[in-house]
Amino acid sequence: MTDTTATETTASTNTDPIKVDIWSDVQCPWCYIGKRKFETGVAMFDGRVEVEYHSFELSPDTPVEFVDNAVDYLSQRKGMPVDQVQTMLENVTAIAASVGLDYDYDSVHQTNTVISHELLHYAKAQGRQLDMMERLLKAYFIDGRHVGRVEDLADLAAEIGLDRADVVRSLNAHEYLAAVKADVAQAGAYGIQGVPFFVIDGRYGISGAQDPTAFAQALGQASADRSADRSADGSADGLDDGASA
């Protein structure tokens, strides 16, 4: 796992934060829903949590300028009748609404997301990855913005305070494309086949937009495991005897 400057915290403790690595795609509806459920789970956990997002491309063969709408795209890709896709999207929209997200599939611009992942790596280098991920997901699912073109992405980056001109420079140079590919390769090495996928402290994997309690329990278990590891290390080093002497 790589280091990150992006951190989410709850109640402060004296221990190191629990690291959570999240594989996600900007055009994944369950990733935004899962993000909200994870955030609720974090709020239920009595400890600190550090988050890093990693790149996963659901549809790497999608053109940047896909001409049809989301319904047509999913119908073609999944081989499903249009009315079935519409029902599926209505169900997803209702679930999104249950966690406070107002999806607008009529305005979605289906596109290739590789360059948006490059932007997320750029934002991570600036200590703003979490803010950038939230802005990209909202832009795609709620605001009807385009997340596959450099100029549009630079506008979104500027909205969270990043240097627009430097974002354009970085994206045109594909400065972080190798980092995106490394994330995708790591997902393959882990056997990740769908997103969102959460790796809790390098110990536990959680697939999908699970209930917040599942995240809270996994964070709690990871914290307990750390405590057990520290106790075992202390006993092995003779620290317990020294403390009682």
Long-range neighbours under 7 Å by Cβ, at least six apart or interchain, first residue touching a residue at least 24 places away in the same chain (Cβ under 8 Å) and under 17 Å from D211 (Cβ atoms) within region 77-99, second open to solvent by less than 40 Å² (accessible area, probe 1.4 Å) and β-branched (V, I, T): I95/I33; A96/I33; V99/I33
Can you name the number of the only condition in (1) open to solvent by 70 Å² or more (accessible area, probe 1.4 Å); (2) touching a His at 6+ places or on another chain (Cβ under 7 Å) that S55 fails? (1)
Any residue at all in region 110-131 that is touching a His at 6+ places or on another chain (Cβ under 6 Å), among the aromatic types (F, W, Y) and at pLDDT 95 or above? no
Residues within region 1-24 that are modelled with pLDDT of 95 or more and in contact with an Asp or Glu (Cβ under 6 Å, 6 or more places away or on another chain), tallied: 4
Exclusive hit being over 18 Å from K124 (Cα atoms), open to solvent by 50 Å² or more (accessible area, probe 1.4 Å), of a type outside the set (S, T, Y) and more than 18 Å from the chain's Cα centre (by Cα), set Q221, Q210: Q221
Within region 16-45, which residues are over 16 Å from D131 (Cβ atoms), of a type in the set (D, E, K, R) and assigned to a helix (DSSP H, G or I)? K37
So in region 46-92, with the set limited to residues that are assigned to a loop (DSSP other than H, G, I, E, B) and in contact with a strand residue (DSSP E or B) (Cβ under 8 Å, 6 or more places away or on another chain), which one is modelled with the highest pLDDT? F56
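The values are calculated or read from the model by the stated rules, or taken from the named source; none is laboratory data. Since the model is a prediction, treat every value here as computed from it, not as a measurement. Every residue, glycine among them, receives a Cβ derived from its backbone with ideal geometry; neighbour counts consider all protein chains shown. For accessibility, only protein heavy atoms count, side chains too; no ligands or nucleic acids. Shrake-Rupley method; radii C 1.70, N 1.55, O 1.52, S 1.80 Å.
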